[in-house]
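Everything on this sheet refers to the single structure shown next.
The values are calculated or read from the model by the stated rules, or taken from the named source; none is laboratory data. Just so it is clear, the model here is predicted, and its values are computed rather than measured. We place every Cβ from the backbone using ideal geometry, glycine too, and count neighbours over all the protein chains shown. Just so you know, the surface numbers come from the protein's heavy atoms only, side chains and all, with ligands and any DNA or RNA stripped out. Shrake-Rupley method; radii C 1.70, N 1.55, O 1.52, S 1.80 Å.
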Amino acid sequence: MNTRELESLRQQFPVGARVVLEKMEDEQAPPIGTKGTVRGVDDIGSIMVKWDNGSSLNVAYGEDICKKLNYVIVHNYGKDRTFDDRQEAIDFYEECVLGSEGSERDRYVEILIDLRSGKTYCSDKL
């Protein structure tokens, strides 16, 4: 793998990205469909993943397949919450806006603005 391909892979799978396993031929492999968080891409192009089931088996470039999820991280009330699907987060925070008022509603509106603008990290900014 050349330097350009390696850099492209690192941009495609940044640290913190959420992925789902689609193919892995290994006896120790997590089940297909297992989700995880990218820890990095090593120098040979393997995607290092902390799988949600506790496994840490790397996704071997050219052999295994994982897909990046349309994830978002929402910072609200001092805590981060990861949603594996942007639309799920939008739906959740729309309900929050409808069920709140005052400064709490303002927090949720700030998050919805970030979500709808396509940001990967969204915050209540308070």
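Could you go through the stretch 63-72 and let me know if any residue there is hydroxyl-bearing (Ser, Thr, Tyr) and on the phi > 0 side of the Ramachandran plot.
no
Of all the residues that make up the stretch 79-104, how many are among the hydroxyl-bearing types (Ser, Thr, Tyr) and over 13 Å from Asp124 (Cβ atoms)?
The qualifying residues number 1.
For every residue, the table says whether it meets (1) of a type in the set (Asp, Glu); (2) over 19 Å from the mean Cα position of the chain (by Cα); (3) open to solvent by less than 40 Å² (accessible area, probe 1.4 Å).
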| site | (1), (2), (3) |
| --- | --- |
| Asp26 | yes, yes, no |
| Pro31 | no, no, no |
| Gly36 | no, no, yes |
| Arg39 | no, no, no |
| Ile47 | no, no, yes |
| Asn58 | no, no, no |
| Tyr61 | no, yes, no |
| Asn70 | no, no, no |
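Scan the stretch 78-96 and report the pairs whose first residue is touching a residue at least 24 places away in the same chain (Cβ under 8 Å) and whose second residue is open to solvent by 70 Å² or more (accessible area, probe 1.4 Å) and not in a strand (DSSP E or B), with Cβ atoms within less than 9 Å and a gap of 6+ or a chain change.
Listed pairs, sorted by first residue: Asp84/Asn70; Arg86/Asn70; Ile90/Arg116.
Take Gly40 and decide whether it is of a type outside the set (A, V, I, L, M, F, W, C), modelled with pLDDT under 95 and at positive phi.
Here the answer is no, as Gly40 does not meet what is asked.
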